[in-house]
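One structure is given below, encoded as structure tokens.
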Amino acid sequence: MHVEQTRLGDINTLFVNSPGATASTVQIWFRAGSALETESNQGIAHFLEHMFFKGTPTRPGAAVAQEVESFGGEINAFTSFDYTCYYINAPANKLPHALEILLDMVANPLFSGSEFPSEREVVFEEYRRALDNPSQFHFMQMQKSCFLGGYRHPILGREETIKGFTEKQLRDFRDAHYNAQNAMLLVA
């Protein structure tokens, strides 16, 4: 296995080459987690993660996921306290295509206001499931008791914030945290 860390333009990039591998992954990590949220936008990092899957000008709506799935790939993301990661796992021969799709998705999101109501419901249901899950519920209680600052609130946010996000809040958080200096690209 060969690992090389370099910069592509302003983006810190890690290349991992494993000769003979039949699978690949492209991941882009942003220092854009819930610990960076203010009281009024708790959960916005996670909500923003969902909105990136709502299409680009060249791949509107569900076209991003459909294109990845058409060549046997898997696309997903996750949000944590300190970062959000978007990734595509795909057959090795589809790596360039997967990379192009992922970069399009994070560089050119539509953030259509018409998608907000349905996505709010999806995220709110995720939040309600977390409250119904004993281990997640107790972790949220522990967060409030043991952590300081942005680590005190759930990554998913609160009911009031989830139901009240505006397009401006979404764009402001993206503009502040989704940039080349806050990103790391992994190609393996």
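The values are calculated or read from the model by the stated rules, or taken from the named source; none is laboratory data. These numbers were taken from a predicted model, which means no experiment stands behind them. Ideal geometry is used to build each Cβ from the backbone, glycine not excepted, and the neighbour counts take in all protein chains shown. Protein only, heavy atoms only, side chains kept; ligands, DNA and RNA dropped before computing areas. Shrake-Rupley method; radii C 1.70, N 1.55, O 1.52, S 1.80 Å.
Take segment 22-66 and flag every residue that is buried (at least 20 other Cβ atoms within 10 Å of the Cβ) and either over 17 Å from the mean Cα position of the chain (by Cα) or on the phi > 0 side of the Ramachandran plot (or both).
Of everything in segment 22-66, those that are buried (at least 20 other Cβ atoms within 10 Å of the Cβ) and either over 17 Å from the mean Cα position of the chain (by Cα) or on the phi > 0 side of the Ramachandran plot (or both) turn out to be SER24, GLY43, GLY55.
Can you confirm whether segment 28-38 contains a residue that is under 20 Å from ALA92 (Cβ atoms) and in contact with a strand residue (DSSP E or B) (Cβ under 6 Å, 6 or more places away or on another chain)?
Checking segment 28-38: at least one residue is under 20 Å from ALA92 (Cβ atoms) and in contact with a strand residue (DSSP E or B) (Cβ under 6 Å, 6 or more places away or on another chain).
When the residues of segment 39-56 are filtered to those that are among the small types (Gly, Ala, Ser) and over 30 Å from ASN93 (Cα atoms), which remaining residue is modelled with the lowest pLDDT?
SER40
Among what's in segment 157-188 and is out of contact with any Asp or Glu (no Cβ under 8 Å at 6 or more places or on another chain), of a type in the set (S, T, N, Q) and part of a helix (DSSP H, G or I), pick the residue that is surrounded by the most Cβ atoms within 10 Å (Cβ to Cβ).
Of everything passing the filter in segment 157-188, THR161 is surrounded by the most Cβ atoms within 10 Å (Cβ to Cβ).
May I ask you to list the residues in segment 112-154 that are open to solvent by less than 50 Å² (accessible area, probe 1.4 Å) and farther than 27 Å from ARG59 by Cβ?
Residues satisfying the conditions are TYR127, ALA130, MET140, GLN143, GLY150, HIS153, PRO154.
If you check ASN76 against the conditions, is it touching a residue at least 40 places away in the same chain (Cβ under 8 Å), open to solvent by 40 Å² or more (accessible area, probe 1.4 Å) and not aliphatic (A, V, I, L, M)?
The answer is no for ASN76.
Test LYS94 against the stated conditions and say whether it is closer than 30 Å to GLN143 by Cβ and basic (Lys, Arg).
Criteria not met by LYS94.
Report, by residue number, each residue of segment 88-111 that is open to solvent by 40 Å² or more (accessible area, probe 1.4 Å) and under 22 Å from ALA45 (Cα atoms).
If the condition is that a residue be open to solvent by 40 Å² or more (accessible area, probe 1.4 Å) and under 22 Å from ALA45 (Cα atoms), then LEU103, ALA107, ASN108, LEU110 are the ones that fit.
Residues THR79, THR56: which one is within 17 Å of TYR178 (Cβ to Cβ), hydroxyl-bearing (Ser, Thr, Tyr) and touching a His at 6+ places or on another chain (Cβ under 6 Å)?
It is THR79.
Is it the case that segment 13-36 has a residue that's hydrophobic (A, V, I, L, M, F, W, C), touching a Lys or Arg at 6+ places or on another chain (Cβ under 9 Å) and within 22 Å of ASN108 (Cβ to Cβ)?
Yes, segment 13-36 has at least one match.
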